[in-house]
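Worksheet for the structure shown next.
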Amino acid sequence: MYEVLDDTAAQIVLAVESGDSIRRVAQHLHTPYETVRQAVNRLEDAGYVRYDDGLAVVDERVRDAALELAAASAGVSPPSVEETYVIPQFSDWSFAFTRIDAVYVWTQGGYQVSREPDDYPLFLAVREQDVDAWETFFESFDLPTAFERQPRDELDGPLQIVLEPRASLDIEHVEGYPVIPRAETIEYMRENYAQFQSGLAMLDRMYEDLDLDVAYRQLPTAEVVGLSVDSRSNSKLE
């Protein structure tokens, strides 16, 4: 069994929602389509998933084994930042990226501020009734959780999960990422205008239906691509 459930296959089993296409799973995992397709074929041959008008996991015990494997792997080799963005999708509870991560998602990875690779919080909005479950879930991956960003010197590693409990969630999706609505994200950016002026200008250029009336300024190189950061920003946004 565990020969079939390598890391990629385990992630697929955990990410599949009944009826998903292979392409949709690949998008959720941010993994090349062909890599996912080959792993799905192995899982199907082993009898762990079936494809009949969409993917489905045959037995929930397979999910349990996949989660055990993924958590054990994280204990041996701590997840990277990129992998940590995927891990919440292995849970059974709804969530949405919020605050800095909402900006990151809505700019499609184009705007990053107030984080560094060795001090990297992820911000998740979750339902109030699911908080205990989320804390237990992330503990299994050795990822600390809190309700406010914790100082780096109080953590054992660079990653932390900041949970934002809400009575309910309004979720949109951008490139496979669940995220709070764009309007709410823009409101957060305006409240922290000094850090997000360039990000607002970027959104204004990306989405034709927006008219944010933001003066454009040249983006510092460290703000522009992927998981890089503007290390000159002293503000620790929460």
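Data table
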quantity: Positions within the stretch 47-95 being more than 21 Å from Y177 (Cα to Cα), among the hydroxyl-bearing types (S, T, Y) and either buried (at least 17 other Cβ atoms within 10 Å of the Cβ) or modelled with pLDDT of 90 or more (or both), in sequence order; calculated: Y48, S73
quantity: Residue list for the stretch 151-163, restricted to those being surrounded by fewer than 17 Cβ atoms within 10 Å (Cβ to Cβ) and in contact (Cβ under 8 Å) with a residue 24 or more places away in the chain; calculated: R152, G157
quantity: Residue that is small (G, A, S), without any contact (Cβ under 8 Å) to a residue 24 or more places away in the chain and surrounded by 15 or more Cβ atoms within 10 Å (Cβ to Cβ), where the choices are A183, A146, A201; calculated: A201
quantity: Entirely in the stretch 1-116, the strands (runs of 3 or more DSSP E) that have 3 or more residues that are touching a Ser or Thr at 6+ places or on another chain (Cβ under 9 Å) and not assigned by TED's automatic domain parsing to the domain that holds V131; calculated: 55-57
quantity: Filtered residue count, the stretch 66-117, keeping only those that are under 18 Å from L169 (Cβ atoms) and charged (D, E, K, R); calculated: 3
quantity: Yes/no for V113 being at pLDDT below 95, over 30 Å from A72 (Cβ atoms) and under 15 Å from the mean Cα position of the chain (by Cα); calculated: no
quantity: Residue in the stretch 127-141 that is surrounded by 20 or more Cβ atoms within 10 Å (Cβ to Cβ) and in a loop (DSSP other than H, G, I, E, B) present; calculated: yes
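The values are calculated or read from the model by the stated rules, or taken from the named source; none is laboratory data. All values reported here derive from a predicted model rather than from experimental measurement. Glycine gets a Cβ as well: all are built from the backbone with ideal geometry, and neighbour counts include every protein chain shown.
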